[in-house]
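Have a look at the structure below, then the notes.
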Amino acid sequence: MIEARFGEPGGRELDLWLHRAAVDLVAVHADQADAARAAYRTYGKGRHRAGLNYGDCFSYGLAKISGQPLLFKGEDFQHTDIATVALP
């Protein structure tokens, strides 16, 4: 998405930011991929009011598997059964 919107310079800027922030990129395990696919079947765009996109489904799946609440902005996840972070 970054390069589609900001071109190759945007992609290079993202790479630099990821490096400086010491972001670890990790592989998706099979159980996480299964949970993401299940989330799409239940809450995916065009299937449910939540309308989760591909990335949303991976966030949902990881939170579901780990039993951790999900911190998010927007209104999509509130239409799912995922536990959310309570804000003060």
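Rule-based calculations on the coordinates, nothing more; no lab input. Just so it is clear, the model here is predicted, and its values are computed rather than measured. Backbone-built Cβ (ideal geometry, glycine too); neighbour counts: all protein chains shown.
Observations on the structure shown:
- Taking 0.36 nm per residue of sequence separation and removing the Cα-Cα distance, the residue 66/residue 2 pair yields an extension gain of 20.2 nm.
- Sorting 22-29, 41-48 by average packing, meaning the other beta carbons within 10 Å per residue, from highest down gives 41-48, 22-29.
- Cα centre as origin, Lys/Arg/Asp/Glu Cβ charges: segment 41-88 dipole, Debye: 160
- In terms of its Cα atoms, segment 30-79 spans 25, 21, 14 Å along the principal axes, sorted from long to short.
- Taken about its Cα centre, the chain carries a charge dipole of roughly 280 debye when the Cβ of each Lys and Arg holds +1 and the Cβ of each Asp and Glu holds -1.
- Convex hull of Cα atoms in the chain, direction-averaged projection (nm²): 7.4
- Helix 30-43 vs. the chain, principal-axis angle (Cα, 0 to 90°, nearest 10): 60
- FRET efficiency, 1/(1 + (r/R0)^6) with R0 30 Å, evaluated for residue 12 and residue 87 via beta carbons: 0.30
- CD proxy at 222 nm, helix term only [per DSSP H run n ≥ 4: -39500 (n - 2.57); per residue of the chain; nearest 500]: -17000 deg cm²/dmol
- Positive dipole terminus of the chain, leading residue within 67, 25, 10 (C-beta point charges): 67
- Counted residue by residue at 0.36 nm each, then reduced by the alpha carbon distance between them, the extension gain from residue 79 to residue 49 reaches 10.1 nm.
- Folded to 0 to 90 degrees: helix 2-20 orientation relative to the chain principal axis, Cα: 90
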